[in-house]
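These notes are about the structure you will find just below.
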Amino acid sequence: MSIKRGRLTPDESRLAAVEAARALLIEAGPQAVTLKAVAARIGRTHANLLHHFGSAAGLQKALAAHLAEVITANIGEAVDAARRGEVSPRTIVDMTFDAFDAQGAGALASWMLSSGNEDALDPVVEAIHRLVDKLAASALTPNLAGLIRENTLMLVLLALGDSQLGGPMAAAIGLSREKAREIATRSLTSALLAEAVTHAAQAKV
């Protein structure tokens, strides 16, 4: 169903297109994210989207950047909540894995890489970098900052790999489909526990 044409600012028009692209990504996969399909979804013309994004690759890059910002913001909030004991480490793991799987970020990344559109992943890497820097800056010791970076790398790579080969690989070696999430949860739990212990020790000083 297309959205009724109306007067939108350039920024509003870009956002509407990116949100439509995200919906198409979830519904039909990255190959469905074309200028023509997005234009039809929001009641605009192919030329209009070409003006905003330059090409289908430009649209995909904008979509990747949008996904990265939304996902890292949500994960950052969840990590802060986990540090306060308000959510479990498994919540953070599930959010990350679901972002790459159910929300299509993993499929989009693989599609862009296979299409030679590697630069489109730059906003994703940059958003994760900003999140890690923010979390590490609030760490109580350099060792804890290192744990944050290591767990972020582990979590992102596990989530990305799981979105592509998790099911077949787990079945092939006789493990449950949830095993990758369980491994990530154990590692993240240890890191959060180390931070809590350090915080408690410093509070006594």
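Structure above, values below:
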| quantity | calculated |
| --- | --- |
| Single match in Val132, Val124 (criterion: among the β-branched types (Val, Ile, Thr), modelled with pLDDT under 90, under 16 Å from the mean Cα position of the chain (by Cα) and in the same structural domain as Val87 (by TED's automatic domain parsing)) | Val124 |
| Subset tally (residues that are of a type in the set (S, T, N, Q) and touching a His at 6+ places or on another chain (Cβ under 6 Å)) for segment 30-59 | 0 |
| Asp80, sole failed condition from (1) charged (D, E, K, R); (2) out of contact with any helix residue (DSSP H, G or I) (no Cβ under 7 Å at 6 or more places or on another chain); (3) surrounded by 15 or more Cβ atoms within 10 Å (Cβ to Cβ); (4) within 30 Å of Ser190 (Cα to Cα) | (3) |
| Test for Ser163: is it of a type in the set (Gly, Ala, Ser), surrounded by fewer than 19 Cβ atoms within 10 Å (Cβ to Cβ) and out of contact with any Pro (no Cβ under 6 Å at 6 or more places or on another chain) | no |
| Glu69 in a helix (DSSP H, G or I), at pLDDT 90 or above, within 12 Å of the chain's Cα centre (by Cα) and on the phi < 0 side of the Ramachandran plot | yes |
| Residue match in segment 38-58 (condition: among the polar types (S, T, N, Q), in a loop (DSSP other than H, G, I, E, B) and under 17 Å from Leu15 (Cα atoms)) | yes |
| Selection within segment 111-135 - among the polar types (S, T, N, Q) and either closer than 29 Å to Leu192 by Cα or surrounded by 12 or more Cβ atoms within 10 Å (Cβ to Cβ) (or both) | Ser115, Asn117 |
| Candidates Ala107, Ala120, Ala201, filtered to the one that is among the small types (Gly, Ala, Ser), assigned to a helix (DSSP H, G or I) and out of contact with any helix residue (DSSP H, G or I) (no Cβ under 8 Å at 6 or more places or on another chain) | Ala201 |
| Single residue of Leu25, Leu15, Leu63, Leu113 found to be at pLDDT 90 or above, assigned by TED's automatic domain parsing to the domain that holds His199 and part of a helix (DSSP H, G or I) | Leu63 |
| Filter result for Leu165 (in the same structural domain as Ala65 (by TED's automatic domain parsing), out of contact with any Ser or Thr (no Cβ under 8 Å at 6 or more places or on another chain) and either closer than 21 Å to His66 by Cβ or aliphatic (A, V, I, L, M) (or both)) | yes |
| Hey, Leu108 closer than 16 Å to Glu19 by Cβ, more than 9 Å from the chain's Cα centre (by Cα) and buried (at least 21 other Cβ atoms within 10 Å of the Cβ) or not | yes |
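Okay, residues lined up against (1) among the hydroxyl-bearing types (Ser, Thr, Tyr); (2) in contact with a Cys (Cβ under 7 Å, 6 or more places away or on another chain); (3) touching a residue at least 40 places away in the same chain (Cβ under 8 Å):
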| site | (1), (2), (3) |
| --- | --- |
| Asp162 | no, no, yes |
| Leu165 | no, no, no |
| Arg181 | no, no, yes |
| Thr185 | yes, no, yes |
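The values are calculated or read from the model by the stated rules, or taken from the named source; none is laboratory data. Bear in mind the structure is a predicted one, so any value in this text is a computation, not a measurement. Reconstructed Cβ throughout: ideal geometry from the backbone, glycine too, with neighbour counts over all protein chains shown.
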